[in-house]
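Encoded as structure tokens, the structure appears first; notes follow it.
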Amino acid sequence: MKSNEENINKNSLANETKIILQKHGIRLNKNLGQNYLIDDFKRKKIINFAEISKRDTILEVGPGIGTLTIEMSKSAKKIIAIEQDNKIFKILSERVKDEEIDNIEIINEDALNVDISIFSECNKIVSNLPYQISSPITFKFLEFDFDLAILMYQKEFANRMIAKTGEKNYSRLSAMLHFKTDIKFLDNVSPQSFIPQPKIYSSVIKLTPIKNEKYFLNMENERDYSKICKAIFPHKNKKIRNALIDSRNILGYNDKKSLKCLLDSNSSLEPFLAKRAAKTSPEEILELTNLIKPIIKL
């Protein structure tokens, strides 16, 4: 059970949030991922996980009315917050101006479309992410160099991020992130910690980029690995041979027979083709990619 202090803090942040939204006539739409954190205890935990100091420039995607933003600005060198919703952008801009905060820069854009150079100024990322962009924004983050990211995702999505080979939630996402970042589960957040309340739990995850990607020496290698993952994981409980044939269009083939002949004529592929993707490690998938690369058409 939560302590009285935690409940008071939660109610205080909840009231503050409701007052701001009512003042501006804002009705949140949870279908658009507009679930605002109202639990101050969880807010403090998230910020503490980031270990923010005056040396840090923080990137925040989807700041909303500034629940994390304004608190983080007290400890950080600078906050760069990217908010797509024009009305919410104006509310946060007004709050920053009224509170005379001079280290928050707010950008009214879609984070998926902004120039990556905007991110490169930041060495840490802290966000309660809009859940509908969880996958693309995470991979966009990993295109630039940062120290760590503290990010909130849907619990189901987070479980797929951290899953290991052979586990129920092991997926294409697990395999794609494996070589790019170390992933650590930090905390769960209940639906009651948000308004409006989502139907699912959320999870806080720490990402630490792998600085020297010895596995992907160039973009072509990474692209081919991505194609193989895309081909086999929709059929992860089938043998990889059958999964590749079923997803032949991803490899550039329309005809089953021609791909079957190419796969079956290469004896070095046999140990991999007989396995199932669900039981195949990222390292093995990468080895398979390097062997199968000569027959990938696209």
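A straight Cα-to-Cα reach below 25 Å connects K168 with the lysines K155, K180, K184, K199, K206, K227, K230, K236, K238, K239, K275, K279, residues fewer than 8 places away in its own chain not being considered. A simple spin-label model places pseudo-atoms 7 Å from Cα toward Cβ; at E283 and E220 they are separated by 2.6 nm.
Residues V126, V204 in ascending order of nearby Cβ atoms (within 10 Å, fewest first): V204, V126.
Please report the projected area of the range 4-209's Cα convex hull averaged over all directions, in nm². Projected area, direction-averaged: 11.2 nm². Between K239 and D115, what FRET efficiency follows from the Cβ-Cβ distance if R0 is 51 Å, with the result rounded to 0.05? Efficiency, from the Cβ-Cβ distance: 0.75. A compact globular protein would have a Cα radius of gyration near 2.2 N^0.38 Å; the ratio found for the range 200-298 is 1.19. When the Gaussian network model of the chain links Cα atoms closer than 10 Å, the mean-square fluctuations of C261, C229, C122 top out at C261. Only beta bridges with both residues in the chain are counted; by DSSP, about 50 percent of them are antiparallel.
By other beta-carbon atoms within 10 Å, ranking V61, V96 with the fewest at the front produces V96, V61.
Here nothing in the chain passes the span test, since no DSSP H helix has an alpha carbon length of 24 Å or more along the helix axis and a Kyte-Doolittle mean of 0.0 or above. Shown here for the range 159-203: trypsin sites (Lys or Arg not before Pro) in loop regions (DSSP other than H, G, I, E, B) with at most 12 other Cβ atoms within 10 Å, namely K164, K168, K199. Each part reduced to its alpha carbon centroid, the range 89-131 and the range 249-292 end up 44 Å apart. The F179 and K44 beta-carbon pair, evaluated with R₀ = 35 Å, returns a calculated FRET efficiency of approximately 0.60.
For the range 236-251, the residues whose amide N sits under 13 Å from a probe point set 7 Å from the Cα of K297 along the beta carbon direction are 248-251.
Laboratory data are not the source of any read-out in this text; all were calculated from the coordinates shown. On a predicted model such as this, the values are computed, not experimentally measured, just so you know. A quick note on method: Cβ atoms are made from the backbone with ideal geometry, for glycine too, and the neighbour counts reach across all protein chains shown.
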